[in-house]
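Some notes on the structure that comes next.
The values are calculated or read from the model by the stated rules, or taken from the named source; none is laboratory data. Given the structure is predicted, the values throughout are model-derived calculations rather than measurements. Neighbour counts run over all protein chains shown; Cβ positions are idealised from the backbone, glycine included. Side chains are part of the model used for accessible areas, which takes the heavy atoms of the whole protein and leaves out ligands, DNA and RNA. Shrake-Rupley method; radii C 1.70, N 1.55, O 1.52, S 1.80 Å.
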Amino acid sequence: MATVLALDVGSSSVRAQSFDDRADPVDELRKEEYEGGDPDEIVGLVRKAIGGRGEAAAAIGSSCFGHSLLALGPDGKPLTPVLGWRDTRSSGAAEWLRRRVDPAAVQARTGAHVHPSFWPSKLVWLAETEPDIFRGAARFVSFCDYLYEQLLGAAPTCSLSIASGTGLLDLNAKRWDAELLEVLKVDESRLPRISGEPHDNWYPAVIDGACSNLGAGCTGRTRAALMVGTSGALRILYETERAQPRPGLFLYRLDDRRVVEGGALSDGGNLPIWLNKTLAASDEGFGARDPDDHGLTFLTFLGGERSIGWDPDAKGTIDGLTFDTTSRDIHQAALEGVAVRFSAIADLLPELEEIVATGGGLLSDPGWIQIMADVLARPVTASKVEEGSLRGAAVATLERLGHEAAEPPLGKVFHPRPDRADAYRSARERQQRLYEELHGQD
């Protein structure tokens, strides 16, 4: 029996666990949490989570958060903290870049929008605000590239999957995008070599979104993973000979033959956490209520907008507040607001037939899954895989070893409630009108 060690490096925690050749866990989950973007702190936590288990593993594979940028000096040491997708300081740089490229053409080639989440805008911002660092950087890498260099003592390479999450990869040429590099004035020699080859028994990291789908068994064009962790995403994972990104959505690679496509929200599980810190916590459920009971419309853009409008300057907005509005009303409107944003993504994926809920932010709140089903007007099945991205890293590694993982378990099916259909349809229409008013659309 082949045992693989899987790592999941998330934006706020690190997880490690061993799996058998069917992708079932065989030892305890180790989890280390962190705050901030100190790359060496995160490396230390990965070492701690691994412990001595790497020596007994037939192979080691990783899921890692995407879109991160780290500048390294000639000595290989970091010149910046990890610049992640939540860092929107480069929104002005994104606007500058949009005036110098064809944004639709960039998205068609790279699968990524001209947006602060991705490398091109971050590199423009770094060159403008920290010119000495930009000029002095010998290499620009993703965090997982730096992690592997520190753990393995080898010059880092970058998987096709992680490279596609930078927004700087030509998806079909499978190399760094020459047009963007020219605009950014970055020579390709300062970027990692793209390779899928393992180093000893370590396989290159895979972007976490693709791993989440693999771990939950959401493969093919008709079954989507609806994930809410810190942020949120609705994704499909499928094989294709040629990557063809669709407007409003992202498209990244898992490997040479598979892509992950969908939409991402900056407001996910972080939104209820913020609400509980900011407002009086609401312990009451929302099962007996619909949007007409509170009369609020909540545009959930506290972290800016990614899918589907990709406006980094968008702000969270609540319409309909009165002196009668309660903390419970705002909490419910927030959960509904996120669900409505997911419905806008689902509208761009007409091939969907099944939706599987994943991620701790969603699986820990059955009431929110029910709201998702009501707003999406289709059944949503709860995954029974507690650590989707972690298991997905194991599945991807087992595939490389020639093993086929077992089908992951599924849980309760949440059906849309027919008596809520009209209320949620009206809520979607109200949010769309508010969105158009705030964005100056007729």
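So here's what we get for this one:
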quantity: Net charge contributed by nearby residues that have their C-beta within less than 13 Å of Tyr203 (K/R +1, D/E -1); calculated: -3
quantity: Estimated D of the stretch 346-442 in µm² per second, where Rh is the Kirkwood radius over Cα pairs and Stokes-Einstein applies at 25 °C, 0.890 mPa s; calculated: 154
quantity: Rg(Cα) / (2.2 N^0.38 Å) computed for the stretch 289-388, rounded to two decimals; calculated: 1.14
quantity: Free-standing Cys residues across the chain, given no other cysteine C-beta under 4.7 angstrom; calculated: Cys158, Cys211, Cys218
quantity: Accessible area of the stretch 44-158 divided out per residue, in Å², using a probe of 1.4 angstrom; calculated: 38
quantity: Segments 73-80, 174-181, 7-14 sorted - mean Cβ within 10 Å per residue, highest first; calculated: 7-14, 174-181, 73-80
quantity: Tail beyond 36 Å, pair distance distribution of the chain (Cα, percent); calculated: 25
quantity: Environment charge of Phe342, counting only residues whose C-beta is closer than 13 Å and scoring Lys/Arg +1, Asp/Glu -1; calculated: +1
quantity: Label point distance in nm, Phe323-Glu32, each placed 7 Å from Cα along Cα→Cβ; calculated: 5.4
quantity: By average C-beta atoms within 10 angstrom, highest first, the peptides 157-166, 20-29, 245-254; calculated: 157-166, 245-254, 20-29
quantity: Sulfur and carbon atoms: percent of accessible area, the stretch 9-69 [1.4 Å]; calculated: 42
quantity: Candidates per chymotrypsin sites (Phe, Trp or Tyr not before Pro) in the stretch 288-329, loop by DSSP, up to 10 other Cβ within 10 Å; calculated: Phe323
quantity: Degrees between helix 39-50 axis and first principal axis of the chain (Cα, 0 to 90, nearest 10); calculated: 90
quantity: Percent of beta bridges antiparallel (DSSP, the chain, rounded to nearest 5); calculated: 70
quantity: Extended-chain gain in nm, criterion 0.36 nm per residue less alpha-carbon gap, Glu197 and Thr278; calculated: 24.4 nm
quantity: Apportionment of accessible area to carbon and sulfur, the stretch 281-396, percent (1.4 Å); calculated: 48
quantity: Nearby lysines by direct alpha-carbon distance to Lys31 (threshold 25 angstrom, same-chain neighbours under 8 apart not counted); calculated: Lys48, Lys277, Lys384
quantity: Fully extended contour minus Cα-Cα distance, from Arg190 to Arg433, at 0.36 nm per residue; calculated: 82.9 nm
quantity: Rg to Rh quotient for the stretch 192-309, alpha carbon positions, Kirkwood Rh; calculated: 1.08
quantity: Relative contact order [Cα under 8 Å, 6+ residues apart], the chain, whole percent; calculated: 16
quantity: By average C-beta atoms within 10 angstrom, highest first, the peptides 206-217, 223-234; calculated: 206-217, 223-234
quantity: Accessible solvent surface per residue of the stretch 313-423, calculated while the other protein chains remain in place, 1.4 angstrom probe, Å²; calculated: 43
quantity: Mean separation of Cα contacts under 8 Å, 6 or more apart, over the residue count of the stretch 287-442: relative contact order %; calculated: 23
